[in-house]
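Trainee: Have a look at the structure that comes next, please.
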Amino acid sequence: MNETKQPTIHHNIDTILVVQGAEYQAVKTGIRKTKVSASSGNLPKIIPIPIGEKDANKIWQNPQFLDKSKPQKVLIMGLCGSLAPEHSVGDIVLYKSCMKEGLSLTTDEKLTANLKSKFTSKIESVRALTSDRVIHLATEKKSLAQTYGATVVDMEGFNYLQTLTSQGISVAILRIVSDDIHYDLPDLNQAINQDGQLQMIPMAISILRQPKAAMRLIRGSLKGLQALQQITTEILE
């Protein structure tokens, strides 16, 4: 008698961290489209985190993060910006390392390599930079690439990688490029509050001030979120 094989999560990833808001919703939608059912017990915990990295240590205060046992293999997901012409909007990247202010940390080599080997989508391995603000000027992107040798930038990676690996947790980081190196974006720094949330009115003001840049931001974000949703489904099947 043939037994039905239950779908399993690739490489036993038990927790996914993803920036709250649209990125979190994209990952949740991707999960709903998988063949893995919640009743099978194979789904990882999906935990939203704030924009930015200052509260990374507070992950230990999140009851969902430690509701049953300490996570062993964590995947950090979300969007990122390109610092190099070879990375275009919609590209999927896996971090080899992530740096901040001259310090560099590596992701778990085995977990990252295994993830990459199982995907059917094209995925690039990259060095990433974590910034304490939104990098919205194309000139600054090029300058950061020259200074640090990184090819993508985010606002969360380094501190979460540092916090988790210090406790012996294996970490991989997968992100989707949502803006390229060639054009400016609206300056959204004043639209992010102390809780790491986007505020609608300040964001709308920034968008209205730079309508062309805003259209590029919106198109890039939508394409990036769609790719994030698709890759989440692929991870869990």
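Throughout, read-outs are computed from the coordinates displayed, never taken from laboratory work. Being a predicted model, the structure only gives us computed values, none of them experimental. Quick reminder, even Gly has a Cβ in these numbers, built from the backbone with ideal geometry, and neighbours come from all protein chains shown.
Trainee: Beyond 30 Å between alpha-carbons counts as too far, so tell me which of 58/96; 70/118; 118/212 fall in that bin.
Mentor: Beyond 30 Å: 118/212.
Trainee: In Å and whole numbers, how far do the C-alpha atoms of the range 85-183 stretch along each principal axis, longest first?
Mentor: 37, 32, 18
Trainee: Pop out the ³J(HN,Hα) list for the range 107-119 in order, Karplus 6.51 cos²θ - 1.76 cosθ + 1.60 with θ = phi - 60°, rounded to Hz; leave Gly and Pro as x.
Mentor: 6, 5, 5, 5, 4, 5, 5, 5, 4, 4, 5, 8, 7
Trainee: Determine the percent antiparallel among the DSSP beta bridges restricted to the chain, to the nearest 5.
Mentor: 25
Trainee: Counting only trypsin sites (Lys or Arg not before Pro) that sit in a DSSP loop (anything but H, G, I, E, B) with at most 16 other Cβ atoms within 10 Å, what is the longest stretch of the chain containing none of them?
Mentor: Longest stretch, sites excluded: 134-237.
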